[in-house]
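Asker: One structure, as structure tokens, below. Some questions next.
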Amino acid sequence: HIFDMLPKFHPEFNPIEKFWGAFKCYTRENCNYSLPGLQKTVPESFQSVSLDLIKRYFWRCFRGMDGYRQGLFL
């Protein structure tokens, strides 16, 4: 197991934040704002974020964390 400590108060270095952002964007665009519509749209939202996109989120965060470690964001 790998345990990665992320910098405090930096959600831009957490890939799950980018995933949730894409998830919420799809849900907002495709939901009719009723409970049945939401129950239908939420499972579709999980499928809408591709594995390739999730990998890009991780790499973007890793590059940002690397820059943070090198002192580029201080």
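The values are calculated or read from the model by the stated rules, or taken from the named source; none is laboratory data. Because the structure is predicted, anything quoted here is derived from the model rather than measured. As a convention, Cβ positions derive from the backbone with ideal geometry for all residues, glycine included, and neighbour counts pool all protein chains shown. Keep in mind that these areas ignore ligands, DNA and RNA; they rest on the heavy atoms of the full protein, side chains included. Shrake-Rupley method; radii C 1.70, N 1.55, O 1.52, S 1.80 Å.
Asker: At a Förster distance of 25 Å, what's the computed FRET efficiency of Arg28 paired with Arg56, Cβ-Cβ distance as r, to 0.05? Could you put the intermediate results ahead of the total?
Answerer: Working: r = 21 Å, r/R0 = 0.85.
Efficiency, rounded to the nearest 0.05: 0.75.
Asker: Something else now. Report the extension gain between Lys8 and Val42 in nm, rounded to one decimal, defined as 0.36 nm multiplied by the number of residues separating them, less their alpha carbon distance. All intermediate terms of the calculation are to be shown ahead of the outcome.
Answerer: Details: separation 34, 0.36 × 34 = 12.24 nm, distance 2.93 nm.
Here the segment from Lys8 to Val42 would lengthen by 9.3 nm.
Asker: How big is the dipole moment of region 11-70 about its Cα centre under a simple scheme where the beta carbon of each Lys and Arg is +1, that of each Asp and Glu is -1, and everything else is neutral? Debye, nearest 20, please. Don't skip to the end; give the middle numbers.
Answerer: On the way: 9 positive and 6 negative charges, 22 e Å.
I would put it at about 100 debye.
Asker: If I model a spin label as a point 7 Å beyond the Cα along the Cα-Cβ vector, how far apart are those points for Gln70 and Leu35 in nm?
Answerer: So the two model labels end up 5.3 nm from each other.
Asker: Here's a follow-up. Just to confirm the number: angle between the C-alpha axis of helix 51-69 and the first principal axis of the chain, 0 to 90 degrees, nearest 10?
Answerer: Tilt relative to the chain: about 30 degrees.
Asker: Please give me the summed charge of the neighbours of Arg56: other residues whose Cβ is under 15 Å from its Cβ, Lys and Arg +1, Asp and Glu -1.
Answerer: Around Arg56, the charge tally is +1.
Asker: At 222 nm, what helix-only mean residue ellipticity would the chain give, in deg cm²/dmol to the nearest 500, using -39500 (n - 2.57) for each DSSP H run of four or more?
Answerer: -22000 deg cm²/dmol
Asker: Test of the criteria: in region 1-70, which chymotrypsin sites (Phe, Trp or Tyr not before Pro) are in a DSSP loop and have at most 12 other Cβ atoms within 10 angstrom of their Cβ?
Answerer: Sparse-neighbourhood loop chymotrypsin sites (Phe, Trp or Tyr not before Pro): Phe3, Phe9, Tyr33.
Asker: Quick check for you: with a 1.4 Å probe and neighbouring chains kept, what is the accessible area per residue of region 11-70, in Å²?
Answerer: About 72 Å² of surface per residue is accessible.
Asker: Please give the direction-averaged projected area of the C-alpha convex hull for the chain, in square nanometres with one decimal.
Answerer: 6.5
Asker: Could you tell me how many degrees, from 0 to 90 and to the nearest 10, lie between the Cα long axis of helix 35-48 and the main elongation axis, the longest principal axis, of the Cα atoms of the chain?
Answerer: 40
Asker: Apply the Karplus parameterisation 6.51 cos²θ - 1.76 cosθ + 1.60, with θ equal to phi minus 60°, to every residue of region 18-30 and state each ³J(HN,Hα) to the nearest whole Hz, in sequence, with x for glycine and proline.
Answerer: 5, 4, 4, x, 5, 4, 5, 4, 4, 5, 4, 6, 10
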